[in-house]
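Student: The structure follows.
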Amino acid sequence: MTDDKSLSGPDTAIRNYPTLLRRYANLLELIHRLSSTVHLEDINNQVIDGTVSLLECKAAVLLMVDPASKDIQIVAATNLDPSAYLNRAIPPDTSVAGKVVKAGSPMLIRTEDASSKNPLYEFTAFSSVHPTSILAVPLKSKSGSVGVLEAVDKLHGDFQPEDFSSLEALAIQATAVMDNLRLFRQSDLIAELVHEIRTPLAALATASALLDRQDLSETQRHSVLSTFRQEIQRLNELTDDYLDLARLESGRTRLMVEKFSVATLISECSEIISPLVHAQGLRFRQEVVRDTLDLTADRAKIKQVVLNLLNNAVKYNVTNGEIILRAYHGPITSGKTQETICIEVSDTGKGIPVEGLPHLFERFYRPQEGSGFARGTGLGLYISKYIVESHHGKLDVKSQVGEGSTFIIRLPLIPPGRSTGPLAAGGKQ
Ligand code: ADP
(Lines give C-alpha, C1' and ligand atoms only; values in the text may rest on other atoms or scores of the structure.)
Protein backbone atom coordinates (compact mmCIF):
# COMPACT_ATOMS: atom_id res chain seq x y z
CA MET A 1 0.00 0.00 0.00
CA THR A 2 1.29 3.47 -0.85
CA ASP A 3 0.78 5.67 2.17
CA ASP A 4 2.04 8.82 3.75
CA LYS A 5 2.27 7.01 7.09
CA SER A 6 2.50 3.25 7.31
CA LEU A 7 -0.38 1.37 8.87
CA SER A 8 1.90 -1.31 10.22
CA GLY A 9 2.06 -1.71 14.00
CA PRO A 10 1.12 -4.19 16.73
CA ASP A 11 -1.27 -6.79 15.46
CA THR A 12 -4.46 -5.66 17.11
CA ALA A 13 -6.24 -8.48 15.28
CA ILE A 14 -4.88 -10.83 17.92
CA ARG A 15 -5.12 -8.34 20.79
CA ASN A 16 -8.73 -7.55 20.12
CA TYR A 17 -10.24 -10.74 18.81
CA PRO A 18 -13.91 -10.38 20.02
CA THR A 19 -14.11 -6.78 18.76
CA LEU A 20 -12.76 -7.92 15.44
CA LEU A 21 -15.30 -10.72 15.16
CA ARG A 22 -18.09 -8.24 15.90
CA ARG A 23 -16.75 -5.93 13.23
CA TYR A 24 -16.67 -8.66 10.59
CA ALA A 25 -20.23 -9.67 11.52
CA ASN A 26 -21.25 -6.01 10.97
CA LEU A 27 -19.33 -5.89 7.71
CA LEU A 28 -21.11 -9.02 6.45
CA GLU A 29 -24.48 -7.54 7.39
CA LEU A 30 -23.61 -4.30 5.61
CA ILE A 31 -22.50 -6.17 2.49
CA HIS A 32 -25.74 -8.16 2.55
CA ARG A 33 -27.78 -4.92 2.78
CA LEU A 34 -25.77 -3.31 -0.03
CA SER A 35 -26.38 -6.27 -2.34
CA SER A 36 -30.14 -5.88 -2.05
CA THR A 37 -30.14 -2.11 -2.75
CA VAL A 38 -31.20 -0.99 -6.22
CA HIS A 39 -30.85 2.80 -6.04
CA LEU A 40 -27.42 4.34 -6.49
CA GLU A 41 -28.07 7.11 -3.98
CA ASP A 42 -29.06 4.56 -1.31
CA ILE A 43 -25.92 2.53 -2.04
CA ASN A 44 -23.76 5.66 -1.65
CA ASN A 45 -25.40 6.59 1.65
CA GLN A 46 -25.12 3.06 3.02
CA VAL A 47 -21.42 3.04 2.15
CA ILE A 48 -20.63 6.24 4.08
CA ASP A 49 -22.88 5.38 7.05
CA GLY A 50 -21.38 1.89 7.09
CA THR A 51 -17.86 3.33 7.06
CA VAL A 52 -18.58 5.54 10.07
CA SER A 53 -20.12 2.75 12.15
CA LEU A 54 -17.70 0.03 11.07
CA LEU A 55 -14.49 2.00 11.58
CA GLU A 56 -15.87 4.05 14.51
CA CYS A 57 -14.75 7.25 12.88
CA LYS A 58 -16.16 10.79 12.82
CA ALA A 59 -17.07 11.15 9.17
CA ALA A 60 -16.87 9.50 5.75
CA VAL A 61 -16.78 10.75 2.20
CA LEU A 62 -17.46 8.81 -1.00
CA LEU A 63 -16.15 10.27 -4.25
CA MET A 64 -16.61 8.92 -7.76
CA VAL A 65 -14.77 9.57 -11.00
CA ASP A 66 -17.32 10.72 -13.58
CA PRO A 67 -16.69 8.51 -16.61
CA ALA A 68 -17.95 11.33 -18.86
CA SER A 69 -15.68 14.12 -17.74
CA LYS A 70 -13.13 12.19 -15.65
CA ASP A 71 -13.92 14.70 -12.91
CA ILE A 72 -13.77 13.51 -9.33
CA GLN A 73 -16.96 14.42 -7.47
CA ILE A 74 -18.27 13.83 -3.97
CA VAL A 75 -21.40 11.69 -4.23
CA ALA A 76 -22.09 11.20 -0.52
CA ALA A 77 -20.67 12.59 2.70
CA THR A 78 -21.73 12.35 6.32
CA ASN A 79 -22.54 15.70 8.00
CA LEU A 80 -22.56 17.59 4.70
CA ASP A 81 -25.46 19.10 2.78
CA PRO A 82 -25.41 17.58 -0.76
CA SER A 83 -26.15 20.99 -2.30
CA ALA A 84 -22.65 22.07 -1.23
CA TYR A 85 -20.82 19.41 -3.19
CA LEU A 86 -23.06 17.85 -5.85
CA ASN A 87 -21.86 18.37 -9.44
CA ARG A 88 -18.70 20.15 -8.28
CA ALA A 89 -15.41 18.83 -9.53
CA ILE A 90 -12.65 18.14 -7.01
CA PRO A 91 -9.24 19.24 -8.31
CA PRO A 92 -7.14 16.08 -8.75
CA ASP A 93 -3.87 17.74 -7.75
CA THR A 94 -5.00 19.28 -4.49
CA SER A 95 -7.18 16.61 -2.95
CA VAL A 96 -6.73 13.35 -1.08
CA ALA A 97 -9.08 11.67 -3.57
CA GLY A 98 -7.02 12.92 -6.52
CA LYS A 99 -3.85 11.43 -5.03
CA VAL A 100 -5.54 8.10 -4.35
CA VAL A 101 -7.11 7.89 -7.83
CA LYS A 102 -3.73 8.61 -9.39
CA ALA A 103 -1.84 6.13 -7.21
CA GLY A 104 -4.58 3.50 -7.38
CA SER A 105 -3.67 2.42 -3.85
CA PRO A 106 -4.79 3.24 -0.28
CA MET A 107 -3.31 6.07 1.77
CA LEU A 108 -3.26 7.18 5.36
CA ILE A 109 -2.86 10.93 5.64
CA ARG A 110 -2.03 12.56 8.99
CA THR A 111 -2.61 16.29 8.83
CA GLU A 112 -1.26 17.22 12.27
CA ASP A 113 2.19 16.34 11.03
CA ALA A 114 3.96 19.70 10.71
CA SER A 115 5.91 18.50 7.68
CA SER A 116 2.73 17.37 5.95
CA LYS A 117 1.98 19.19 2.73
CA ASN A 118 -1.09 17.13 2.02
CA PRO A 119 -3.71 18.99 0.03
CA LEU A 120 -7.18 18.39 1.50
CA TYR A 121 -9.43 20.14 -0.99
CA GLU A 122 -12.52 18.00 -0.33
CA PHE A 123 -12.45 19.00 3.34
CA THR A 124 -11.34 22.61 3.19
CA ALA A 125 -13.66 23.57 0.31
CA PHE A 126 -16.92 22.14 1.58
CA SER A 127 -16.88 21.87 5.35
CA SER A 128 -15.46 23.34 8.50
CA VAL A 129 -14.16 19.89 9.52
CA HIS A 130 -10.40 19.89 10.11
CA PRO A 131 -9.47 16.23 9.99
CA THR A 132 -6.35 15.01 11.72
CA SER A 133 -6.20 11.70 9.90
CA ILE A 134 -7.83 10.33 6.75
CA LEU A 135 -7.79 6.75 5.62
CA ALA A 136 -8.60 6.59 1.91
CA VAL A 137 -8.98 3.55 -0.36
CA PRO A 138 -9.67 3.47 -4.10
CA LEU A 139 -12.76 1.84 -5.63
CA LYS A 140 -11.27 -0.15 -8.45
CA SER A 141 -12.77 -1.66 -11.55
CA LYS A 142 -11.15 -3.25 -14.60
CA SER A 143 -10.57 0.22 -16.09
CA GLY A 144 -8.74 1.56 -13.02
CA SER A 145 -9.79 3.72 -10.07
CA VAL A 146 -13.46 4.66 -10.36
CA GLY A 147 -13.81 6.29 -6.95
CA VAL A 148 -12.41 6.80 -3.47
CA LEU A 149 -13.80 6.01 -0.03
CA GLU A 150 -12.45 8.18 2.78
CA ALA A 151 -12.76 7.59 6.53
CA VAL A 152 -12.07 10.64 8.67
CA ASP A 153 -10.66 10.67 12.26
CA LYS A 154 -11.13 7.69 14.55
CA LEU A 155 -13.31 8.46 17.56
CA HIS A 156 -10.61 6.92 19.78
CA GLY A 157 -6.97 6.52 18.87
CA ASP A 158 -5.49 6.03 15.42
CA PHE A 159 -6.52 4.05 12.38
CA GLN A 160 -5.31 0.46 12.67
CA PRO A 161 -4.48 -2.22 10.06
CA GLU A 162 -7.92 -3.82 10.50
CA ASP A 163 -9.51 -0.44 9.68
CA PHE A 164 -7.68 -0.54 6.39
CA SER A 165 -8.80 -4.11 5.60
CA SER A 166 -12.43 -3.36 6.57
CA LEU A 167 -12.51 -0.20 4.46
CA GLU A 168 -10.94 -2.01 1.53
CA ALA A 169 -13.46 -4.88 1.80
CA LEU A 170 -16.29 -2.35 1.86
CA ALA A 171 -14.85 -0.52 -1.17
CA ILE A 172 -14.54 -3.77 -3.14
CA GLN A 173 -18.11 -4.72 -2.32
CA ALA A 174 -19.46 -1.23 -3.10
CA THR A 175 -17.74 -1.31 -6.51
CA ALA A 176 -19.24 -4.73 -7.28
CA VAL A 177 -22.74 -3.56 -6.29
CA MET A 178 -22.40 -0.41 -8.43
CA ASP A 179 -21.20 -2.48 -11.40
CA ASN A 180 -24.18 -4.80 -11.02
CA LEU A 181 -26.54 -1.86 -10.89
CA ARG A 182 -25.06 -0.52 -14.12
CA LEU A 183 -25.56 -3.92 -15.77
CA PHE A 184 -29.16 -3.99 -14.52
CA ARG A 185 -29.72 -0.56 -16.06
CA GLN A 186 -28.23 -1.68 -19.35
CA SER A 187 -30.48 -4.71 -19.47
CA ASP A 188 -33.44 -2.42 -18.59
CA LEU A 189 -32.50 -0.23 -21.54
CA ILE A 190 -32.32 -3.25 -23.83
CA ALA A 191 -35.72 -4.46 -22.58
CA GLU A 192 -37.21 -1.00 -23.25
CA LEU A 193 -35.63 -0.94 -26.70
CA VAL A 194 -37.05 -4.36 -27.60
CA HIS A 195 -40.46 -3.13 -26.46
CA GLU A 196 -40.13 -0.01 -28.66
CA ILE A 197 -39.03 -2.06 -31.65
CA ARG A 198 -42.18 -4.20 -31.52
CA THR A 199 -44.43 -1.36 -32.77
CA PRO A 200 -42.58 -0.68 -36.06
CA LEU A 201 -42.09 -4.42 -36.55
CA ALA A 202 -45.83 -5.04 -36.16
CA ALA A 203 -46.55 -2.24 -38.65
CA LEU A 204 -44.06 -3.77 -41.12
CA ALA A 205 -45.64 -7.22 -40.72
CA THR A 206 -49.11 -5.81 -41.45
CA ALA A 207 -47.81 -3.81 -44.42
CA SER A 208 -46.08 -6.84 -45.94
CA ALA A 209 -49.28 -8.92 -45.56
CA LEU A 210 -51.20 -6.16 -47.36
CA LEU A 211 -48.72 -6.12 -50.24
CA ASP A 212 -49.59 -9.77 -50.91
CA ARG A 213 -53.19 -8.88 -51.75
CA GLN A 214 -54.00 -8.89 -55.47
CA ASP A 215 -56.89 -6.42 -55.17
CA LEU A 216 -54.67 -3.57 -53.93
CA SER A 217 -55.12 -0.33 -55.86
CA GLU A 218 -52.12 1.72 -56.94
CA THR A 219 -52.91 4.36 -54.30
CA GLN A 220 -53.12 1.71 -51.58
CA ARG A 221 -49.84 0.20 -52.74
CA HIS A 222 -48.19 3.62 -52.45
CA SER A 223 -49.58 4.07 -48.99
CA VAL A 224 -48.22 0.66 -47.88
CA LEU A 225 -44.80 1.47 -49.32
CA SER A 226 -44.82 4.77 -47.50
CA THR A 227 -45.53 2.87 -44.24
CA PHE A 228 -42.55 0.65 -45.03
CA ARG A 229 -40.28 3.65 -45.47
CA GLN A 230 -41.49 5.38 -42.32
CA GLU A 231 -41.17 2.31 -40.12
CA ILE A 232 -37.74 1.41 -41.48
CA GLN A 233 -36.64 4.99 -40.81
CA ARG A 234 -37.99 4.70 -37.27
CA LEU A 235 -36.07 1.45 -36.72
CA ASN A 236 -32.92 3.14 -38.02
CA GLU A 237 -33.41 6.13 -35.70
CA LEU A 238 -34.07 3.84 -32.74
CA THR A 239 -30.90 1.87 -33.45
CA ASP A 240 -28.79 5.03 -33.86
CA ASP A 241 -30.17 6.66 -30.71
CA TYR A 242 -29.81 3.45 -28.74
CA LEU A 243 -26.17 3.02 -29.76
CA ASP A 244 -25.48 6.66 -28.96
CA LEU A 245 -27.04 6.29 -25.53
CA ALA A 246 -25.39 2.93 -24.78
CA ARG A 247 -21.99 4.42 -25.64
CA LEU A 248 -22.60 7.47 -23.46
CA GLU A 249 -23.80 5.45 -20.48
CA SER A 250 -21.03 2.89 -20.71
CA GLY A 251 -18.37 5.60 -20.51
CA ARG A 252 -16.92 4.64 -23.91
CA THR A 253 -17.74 8.05 -25.39
CA ARG A 254 -15.10 10.62 -24.60
CA LEU A 255 -15.94 14.30 -24.36
CA MET A 256 -13.45 16.23 -26.44
CA VAL A 257 -13.44 19.60 -24.78
CA GLU A 258 -12.15 22.66 -26.64
CA LYS A 259 -12.74 26.40 -26.69
CA PHE A 260 -15.00 27.53 -29.53
CA SER A 261 -17.19 30.38 -30.70
CA VAL A 262 -20.86 29.87 -29.89
CA ALA A 263 -21.84 32.32 -32.63
CA THR A 264 -20.19 30.12 -35.28
CA LEU A 265 -21.84 27.02 -33.86
CA ILE A 266 -25.23 28.73 -33.95
CA SER A 267 -24.70 29.76 -37.60
CA GLU A 268 -23.81 26.19 -38.54
CA CYS A 269 -26.90 24.80 -36.80
CA SER A 270 -29.09 27.43 -38.50
CA GLU A 271 -27.72 26.46 -41.89
CA ILE A 272 -28.35 22.78 -41.29
CA ILE A 273 -31.92 23.27 -40.09
CA SER A 274 -32.89 25.93 -42.73
CA PRO A 275 -33.99 23.53 -45.52
CA LEU A 276 -36.26 21.67 -43.09
CA VAL A 277 -37.67 24.93 -41.71
CA HIS A 278 -38.47 26.22 -45.19
CA ALA A 279 -39.90 22.90 -46.35
CA GLN A 280 -42.37 23.12 -43.46
CA GLY A 281 -43.24 26.75 -44.22
CA LEU A 282 -41.95 27.94 -40.85
CA ARG A 283 -40.18 31.19 -39.98
CA PHE A 284 -36.75 31.16 -38.39
CA ARG A 285 -34.79 33.77 -36.46
CA GLN A 286 -31.46 33.71 -34.66
CA GLU A 287 -30.29 36.15 -32.00
CA VAL A 288 -26.69 35.94 -30.90
CA VAL A 289 -24.63 38.30 -28.78
CA ARG A 290 -21.65 38.05 -31.08
CA ASP A 291 -18.79 39.28 -28.95
CA THR A 292 -17.03 37.13 -26.33
CA LEU A 293 -19.42 34.22 -26.69
CA ASP A 294 -16.77 31.57 -26.26
CA LEU A 295 -17.50 28.25 -24.66
CA THR A 296 -15.25 25.41 -23.50
CA ALA A 297 -17.07 22.16 -24.17
CA ASP A 298 -17.36 19.22 -26.56
CA ARG A 299 -18.35 21.16 -29.68
CA ALA A 300 -19.76 18.20 -31.63
CA LYS A 301 -21.88 17.04 -28.69
CA ILE A 302 -23.27 20.51 -27.98
CA LYS A 303 -24.08 20.86 -31.68
CA GLN A 304 -25.91 17.51 -31.53
CA VAL A 305 -28.05 18.84 -28.64
CA VAL A 306 -28.89 22.14 -30.40
CA LEU A 307 -29.80 20.29 -33.61
CA ASN A 308 -31.99 17.86 -31.72
CA LEU A 309 -33.88 20.75 -30.08
CA LEU A 310 -34.20 22.52 -33.45
CA ASN A 311 -35.46 19.32 -35.08
CA ASN A 312 -38.11 18.99 -32.39
CA ALA A 313 -39.05 22.65 -32.80
CA VAL A 314 -39.72 21.89 -36.49
CA LYS A 315 -41.43 18.53 -35.89
CA TYR A 316 -43.81 19.76 -33.20
CA ASN A 317 -44.59 23.14 -34.74
CA VAL A 318 -47.79 24.38 -36.39
CA THR A 319 -48.51 25.89 -39.81
CA ASN A 320 -46.90 29.34 -40.12
CA GLY A 321 -45.12 28.76 -36.83
CA GLU A 322 -41.85 30.37 -35.81
CA ILE A 323 -38.57 29.12 -34.34
CA ILE A 324 -36.08 31.34 -32.53
CA LEU A 325 -32.53 30.27 -31.71
CA ARG A 326 -30.80 32.48 -29.13
CA ALA A 327 -27.41 32.49 -27.43
CA TYR A 328 -26.47 34.81 -24.58
CA HIS A 329 -24.49 35.06 -21.36
CA GLY A 330 -26.48 33.59 -18.51
CA PRO A 331 -26.68 34.91 -14.99
CA ILE A 332 -23.98 34.14 -12.49
CA THR A 333 -25.39 31.40 -10.26
CA SER A 334 -25.82 32.68 -6.72
CA GLY A 335 -23.27 31.40 -4.25
CA LYS A 336 -20.90 30.17 -6.94
CA THR A 337 -19.00 32.48 -9.27
CA GLN A 338 -20.07 30.44 -12.24
CA GLU A 339 -20.76 32.29 -15.45
CA THR A 340 -22.90 30.43 -17.96
CA ILE A 341 -23.75 30.54 -21.63
CA CYS A 342 -27.37 29.90 -22.51
CA ILE A 343 -28.53 28.52 -25.83
CA GLU A 344 -32.27 28.73 -26.20
CA VAL A 345 -34.59 27.12 -28.77
CA SER A 346 -38.12 28.54 -28.77
CA ASP A 347 -41.03 27.54 -30.95
CA THR A 348 -44.58 28.66 -31.39
CA GLY A 349 -45.68 25.05 -31.77
CA LYS A 350 -48.12 22.69 -30.14
CA GLY A 351 -46.60 22.88 -26.67
CA ILE A 352 -46.37 20.13 -24.07
CA PRO A 353 -49.16 19.25 -21.62
CA VAL A 354 -48.28 20.27 -18.06
CA GLU A 355 -48.58 16.67 -16.79
CA GLY A 356 -45.97 15.60 -19.37
CA LEU A 357 -43.32 18.14 -18.34
CA PRO A 358 -41.90 16.27 -15.30
CA HIS A 359 -41.31 13.16 -17.46
CA LEU A 360 -40.15 14.86 -20.63
CA PHE A 361 -36.48 13.95 -20.20
CA GLU A 362 -37.16 10.29 -19.40
CA ARG A 363 -36.14 7.82 -22.08
CA PHE A 364 -38.82 6.69 -24.53
CA TYR A 365 -41.28 9.22 -23.09
CA ARG A 366 -43.55 10.60 -25.83
CA PRO A 367 -46.55 12.34 -24.23
CA GLN A 368 -48.50 12.87 -27.44
CA GLU A 369 -47.72 9.56 -29.15
CA GLY A 370 -50.44 8.51 -31.57
CA SER A 371 -52.39 11.78 -31.46
CA GLY A 372 -51.37 13.01 -34.90
CA PHE A 373 -47.94 14.11 -33.68
CA ALA A 374 -44.77 13.57 -35.66
CA ARG A 375 -43.12 10.29 -34.81
CA GLY A 376 -39.82 9.82 -33.07
CA THR A 377 -37.88 7.62 -30.70
CA GLY A 378 -38.40 9.41 -27.40
CA LEU A 379 -34.65 9.27 -26.78
CA GLY A 380 -33.53 12.64 -28.15
CA LEU A 381 -34.26 14.73 -25.07
CA TYR A 382 -32.88 12.07 -22.71
CA ILE A 383 -29.61 11.99 -24.66
CA SER A 384 -29.51 15.81 -24.85
CA LYS A 385 -29.96 16.18 -21.10
CA TYR A 386 -27.30 13.54 -20.53
CA ILE A 387 -24.80 15.41 -22.69
CA VAL A 388 -25.58 18.79 -21.09
CA GLU A 389 -25.24 17.35 -17.57
CA SER A 390 -21.94 15.68 -18.52
CA HIS A 391 -20.74 19.26 -19.04
CA HIS A 392 -22.08 20.26 -15.58
CA GLY A 393 -24.85 22.17 -17.29
CA LYS A 394 -28.64 22.09 -17.15
CA LEU A 395 -31.34 21.56 -19.73
CA ASP A 396 -34.68 23.14 -18.85
CA VAL A 397 -38.02 23.51 -20.58
CA LYS A 398 -40.92 25.94 -20.38
CA SER A 399 -44.01 25.12 -22.37
CA GLN A 400 -47.67 25.90 -22.77
CA VAL A 401 -50.10 23.89 -24.88
CA GLY A 402 -51.18 25.90 -27.93
CA GLU A 403 -48.48 28.55 -27.42
CA GLY A 404 -45.17 26.73 -27.80
CA SER A 405 -42.08 25.58 -25.97
CA THR A 406 -38.69 26.95 -25.00
CA PHE A 407 -35.75 24.67 -24.25
CA ILE A 408 -32.79 26.29 -22.50
CA ILE A 409 -29.30 24.81 -22.41
CA ARG A 410 -27.21 26.37 -19.63
CA LEU A 411 -23.52 25.59 -19.74
CA PRO A 412 -20.64 26.80 -17.58
CA LEU A 413 -18.14 28.82 -19.64
CA ILE A 414 -15.56 26.25 -18.62
CA PRO A 415 -16.52 22.90 -17.01
CA PRO A 416 -15.66 23.12 -13.26
CA GLY A 417 -12.21 21.94 -12.33
CA ARG A 418 -11.00 22.20 -15.94
CA SER A 419 -8.88 24.68 -17.80
CA THR A 420 -9.15 25.30 -21.51
CA GLY A 421 -7.68 23.02 -24.14
CA PRO A 422 -8.64 19.55 -25.34
CA LEU A 423 -9.36 16.95 -22.74
CA ALA A 424 -10.55 13.39 -22.84
CA ALA A 425 -13.68 12.18 -21.12
CA GLY A 426 -16.20 9.27 -21.18
CA GLY A 427 -19.92 8.45 -20.23
CA LYS A 428 -21.90 8.76 -17.06
CA GLN A 429 -22.98 6.37 -14.37
P1 ADP B 1 -38.81 12.24 -30.13
O2 ADP B 1 -38.96 13.63 -30.68
O3 ADP B 1 -37.95 11.38 -30.98
O4 ADP B 1 -40.10 11.61 -29.77
P5 ADP B 1 -37.55 13.49 -27.86
O6 ADP B 1 -36.93 12.86 -26.67
O7 ADP B 1 -36.75 14.47 -28.61
O8 ADP B 1 -38.01 12.29 -28.76
O9 ADP B 1 -38.89 14.19 -27.40
C10 ADP B 1 -39.77 13.49 -26.52
C11 ADP B 1 -41.17 14.05 -26.64
O12 ADP B 1 -41.23 15.38 -26.15
C13 ADP B 1 -41.69 14.15 -28.07
O14 ADP B 1 -42.26 12.94 -28.50
C15 ADP B 1 -42.74 15.26 -27.97
O16 ADP B 1 -43.97 14.73 -27.51
C17 ADP B 1 -42.18 16.15 -26.86
N18 ADP B 1 -41.49 17.34 -27.41
C19 ADP B 1 -40.15 17.50 -27.56
N20 ADP B 1 -39.87 18.71 -28.06
C21 ADP B 1 -41.04 19.34 -28.24
C22 ADP B 1 -41.43 20.64 -28.73
N23 ADP B 1 -40.53 21.54 -29.14
N24 ADP B 1 -42.76 20.93 -28.75
C25 ADP B 1 -43.68 20.04 -28.33
N26 ADP B 1 -43.37 18.80 -27.86
C27 ADP B 1 -42.09 18.46 -27.82
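Student: Quickly work out the Ala279-to-Gln220 label distance, labels modelled 7 Å from Cα along the C-beta direction, and quote it in nm with one decimal.
Tutor: Calculated label separation equals 3.0 nm.
Student: In µm²/s, what is D for the chain at 37 °C and 0.692 mPa s, where D = kT/(6 pi eta Rh) by Stokes-Einstein and Rh is the Kirkwood radius from Cα pairs?
Tutor: 133 µm²/s
Student: Right, here's the next one. May I ask you to list the aspartates and glutamates whose Cα is less than 13 Å away from that of Lys58, ignoring any residue fewer than eight positions away on the same chain?
Tutor: Hits, sequence-local ones excluded: Asp49, Glu150, Asp153, Asp158.
Student: How much mean residue ellipticity at 222 nm does the chain get from its helices, if each DSSP H run of length 4 or more adds -39500 (n - 2.57) and you divide by all residues, to the nearest 500 deg cm²/dmol?
Tutor: Result for the chain: -14500 deg cm²/dmol, rounded to the nearest 500.
Student: State the percentage of accessible surface on the chain attributable to carbon and sulfur atoms; use a 1.4 Å probe and exclude ligands, DNA and RNA.
Tutor: Numbers: 11380 of 21220 Å².
Using a 1.4 Å probe with all protein chains present, the chain comes out at 54 percent carbon and sulfur.
Student: Here's another thing I want to ask about it. Nearest 20 debye, what's the magnitude of the dipole of segment 122-235 about its Cα centre given +1 on Lys and Arg Cβ and -1 on Asp and Glu Cβ?
Tutor: For this selection, approximately 600 debye.
Student: Same structure again: Calculate the FRET efficiency for Glu403 and Arg213 from the Cβ-Cβ distance with a Förster distance of 51 Å, rounded to the nearest 0.05.
Tutor: The calculated FRET efficiency here is 0.70.
Student: Find the eigenvalues of the gyration tensor of the Cα atoms of segment 2-182, then list the square roots of 5 times those eigenvalues as equivalent ellipsoid semi-axes, largest first, in whole angstrom.
Tutor: The three semi-axes for segment 2-182 are 23, 21, 15 Å.
Student: Taking the solvent-accessible surface of protein heavy atoms with a 1.4 Å probe, what is the per residue accessible area of segment 81-219 in Å²?
Tutor: Value returned for segment 81-219: 51 Å² of accessible area per residue.
Student: Each residue of segment 24-31 in order: what ³J(HN,Hα) in whole Hz does its phi give by Karplus 6.51 cos²θ - 1.76 cosθ + 1.60, θ = phi - 60°, with x for Gly and Pro?
Tutor: Going residue by residue, I get 5, 4, 5, 4, 4, 5, 5, 4 Hz, with x marking Gly and Pro.
Student: Once you put a point 7 Å from the Cα of Glu258 and another 7 Å from the Cα of Arg198, both along the Cβ direction, what distance in nm separates them?
Tutor: Placing both labels 7 Å beyond Cα along the Cβ direction yields 4.5 nm.
Student: If you don't mind, another one. For each pair in Lys99/Lys385; Lys350/Lys394; Lys99/Lys259, compute the distance between the two Cα atoms and list the pairs where it is over 25 Å.
Tutor: Correct reply: Lys99/Lys385; Lys99/Lys259.
Student: Could you please put Glu122, Glu29 in sequence from largest to smallest accessible area, using a 1.4 Å probe?
Tutor: Glu29, Glu122
The values are calculated or read from the model by the stated rules, or taken from the named source; none is laboratory data. Worth saying up front: this structure is predicted, and the values here are computed from it rather than measured. Neighbour counts run over all protein chains shown; Cβ positions are idealised from the backbone, glycine included. For the accessible areas, the whole protein counts, side chains as well, though only heavy atoms, and no ligand, DNA or RNA atoms are used. Shrake-Rupley method; radii C 1.70, N 1.55, O 1.52, S 1.80 Å.
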